[in-house]
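Colleague: The structure under discussion is supplied below as structure tokens; questions concerning it will follow.
Read the figures in this text as sums done on the coordinates, not as results from a lab. Keep in mind it's a predicted model, so treat the numbers as computed, not measured. Using ideal geometry, Cβ is built from the backbone for each residue, glycine included, and neighbour counts are taken over all protein chains shown.
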Amino acid sequence: MHKTIKELTILALFVLITTFLIWLPFLLKIHSFFNLDFSAGFNTIYRNFDGIEYLTIAKTFYSPSALAAVPQNNVPIYYASHFPLYPAFILLFSFLGFLHSMIFVTVLFTVLSVCMFYLLVKDFKLSDQPLFLSIIFTILPGRWVIVHSVGSPEPIFIFFILACFYLFMKFEQSKKSLFLWVAAVAAMLAQFTRPPGLLLFIAIALYIHWRYLIMEKGVSLFQKIKLHLKYYPFLLIPVGLLAIFYLYSQTLGDFFAYFHSGDNIHLTLPPFQIFNKNQYWVGDIWLEDILYIFIVGFSAGLVLLKKKLYPMAFFVLTYLAASTLIAHRDISRYTLPVMPFVIIAFENFLTSKEFKIVLIIVGLGIYLYSQNFIINNVAPIPNLSLFN
């Protein structure tokens, strides 16, 4: 226990130190570092998408009249694509000031996500180097470094996904129903955070169906169905989604406001429209990196199957299959929730001496990639005081 606490403390400090290093050039307003300009200062961090939109919801909680007064060019129904849990946490810590709260919540849940990842790896013996693997999760992929350094809901979303799998695997191991219920609550909170939370329900349902209706031999159909139904607490996920839609009916006057929120829903048919330059959120032909994301992701899902980590495997494969329908250049952000499990799948290589050398070589590249993105991903807001 003492070792676990010590290593969790190390991870928390590592998150804080690496985040501070991302912030440092902005705090110092350095005019040129590797030809990057940080002279706009820390306001660049505050103004990064999509934090300000969630902060706006925290201040207005979807009230059309209050949203109409916000100095942005978005109609009120646009905010229905931004789910309420992150704004609720911003509001909870708003005594710090809304801008400070937005960043504080992001960093807090980044620490919790990394610590939960460590516990998942350590307690289920998924690697013999859980501390180092968790350090890797702090800085890879590069898009994760960005979102956990600015205002974003991803750290909350990923924390509750990791908590769900940790508790679900505890249930599978012990058969104690309390673990199942708390896992379902964590999954519901993930759904309250981001729309793809529903994919967690689909993945778990597919896993249960595969395990009890297909793989179980010598068991009657009635018994299989009975085993199937014991997982009913996970119905909290779709119930949570319906609760959000009900909230929208009361605030925005439209139960289906999410589907009417404009171009925020990037799902298209046929799949792989991300490779169509004419899609609104693509507009690019230099997209080979996206191929690598899918290659690595689907490979990880198959490796997890081979390792018999079936719940994780079903989640990775379900999430990535749905992601093939996303037509958005920033696919690296949309696939972030599967990346902790990709790291687990390839832990043998990622903890090897060879990869440690690679990490030293590309470390500066990760840092500069993150800074270049943050500098250029700012909302056009001239007066941040209106949001505090």
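Colleague: What does the C-alpha gyration tensor say about the overall shape of segment 258-388? Classify as rounded when a/c is under 1.5, otherwise prolate if a/b is larger than b/c, or oblate.
Modeller: Since a/c reaches 1.5 but b/c is at least a/b, the shape of segment 258-388 is classed as oblate.
Colleague: Gap in Å between the Cα centre of segment 166-245 and the Cα centre of segment 258-331?
Modeller: Segment 258-331 and segment 166-245 have Cα centres spaced 23 Å from each other.
Colleague: On to the next question. Go through segment 241-249 residue by residue and turn each phi into a ³J(HN,Hα) via Karplus (6.51, -1.76, 1.60, θ = phi - 60°); whole Hz please, and just put x for glycine and proline.
Modeller: 5, 5, 5, 5, 5, 5, 4, 5, 5
Colleague: While we're on this one: Which of Asp50, Asp289, Asp254 moves the most in a Gaussian network model of the chain with Cα springs under 10 Å?
Modeller: Among Asp50, Asp289, Asp254, the largest mean-square fluctuation in the Gaussian network model of the chain belongs to Asp289.
Colleague: Quick one: go through segment 302-333 and flag any residue whose amide nitrogen is under 16 Å from the point 7 Å out along the Cα-to-Cβ line of Phe349.
Modeller: Once the point is set 7 Å along Cα→Cβ of Phe349, 302-307 turn out to lie under 16 Å by backbone N, inside segment 302-333.
Colleague: Let's see if you can work this out: charge +1 on each Lys and Arg Cβ, -1 on each Asp and Glu Cβ, no other charges. What is the dipole magnitude of the chain about its Cα centre, in debye to the nearest 20?
Modeller: Values: 25 positive and 17 negative charges, 255 e Å.
Dipole size: approximately 1220 debye.
Colleague: Among 117-130, 98-111, how do they line up from the highest to the lowest mean number of other beta-carbon atoms within 10 Å?
Modeller: Working: 117-130: 18.5, 98-111: 21.9.
Top of the packing list down: 98-111, 117-130.
Colleague: Here's a follow-up. Would you mind telling me which residue in Ser174, Ser332, Ser299 has the biggest mean-square fluctuation in a Gaussian network model of the chain, where springs connect alpha carbons within a distance under 10 angstrom?
Modeller: Result for the chain, Cα springs under 10 Å: Ser174 fluctuates most.
Colleague: Now, a different point. As a check on your grasp of the helix formula, calculate [θ] at 222 nm for the chain: sum -39500 (n - 2.57) over DSSP H runs of n ≥ 4, divide by the residue count, round to the nearest 500. Write out the running numbers ahead of the final one.
Modeller: On the way: 19 runs with 245 residues, N = 388.
Estimated from H runs of four or more residues: -20000 deg cm²/dmol.
Colleague: Considering only Thr138, Thr19, Thr251, give the residue with the highest GNM mean-square fluctuation for the chain, with springs between Cα atoms whenever their separation is below 10 Å.
Modeller: With Cα springs under 10 Å in the chain, the top fluctuation among Thr138, Thr19, Thr251 is at Thr251.
Colleague: Per residue of segment 66-75, what does 6.51 cos²θ - 1.76 cosθ + 1.60 with θ = phi - 60° give for ³J(HN,Hα)? Whole Hz please, x for Gly and Pro, Karplus curve as stated.
Modeller: With coefficients 6.51, -1.76 and 1.60, one gets 5, 5, 5, 8, 6, x, 9, 8, 10, 6 Hz.
Colleague: Please enumerate, by chain and number, the lysines with C-alpha under 18 Å from the C-alpha of Lys3, excluding those fewer than 8 residues away in the same chain.
Modeller: Here the lysines satisfying the reach criterion relative to Lys3 are Lys122, Lys125.
Colleague: Report the gain in length on full extension from Phe245 to Gln72: 0.36 nm times residue separation, minus Cα-Cα distance, nm rounded to one decimal.
Modeller: Details: separation 173, 0.36 × 173 = 62.28 nm, distance 2.37 nm.
So the extension gain works out to 59.9 nm.
Colleague: Give the peptides 183-195, 161-173 in descending order of average Cβ contacts within 10 Å, highest first. Spell out each step's value before the answer.
Modeller: Numbers: 183-195: 24.2, 161-173: 21.2.
Answer by packing, highest mean first, reads 183-195, 161-173.
Colleague: Taking 8 Å as the Cα distance limit and 6 or more residues as the minimum spacing, I'd like the relative contact order of the chain as a percentage.
Modeller: Once divided by the residue count of the chain, the mean separation gives 21 percent.
Colleague: Provide the gained length on full extension for the span Tyr292 to Leu28, in nm with one decimal, where the gain is 0.36 nm per separating residue minus the Cα-Cα distance. Walk me through the numbers before you get to the answer.
Modeller: On the way: separation 264, 0.36 × 264 = 95.04 nm, distance 3.58 nm.
So the chain would gain 91.5 nm between Tyr292 and Leu28.
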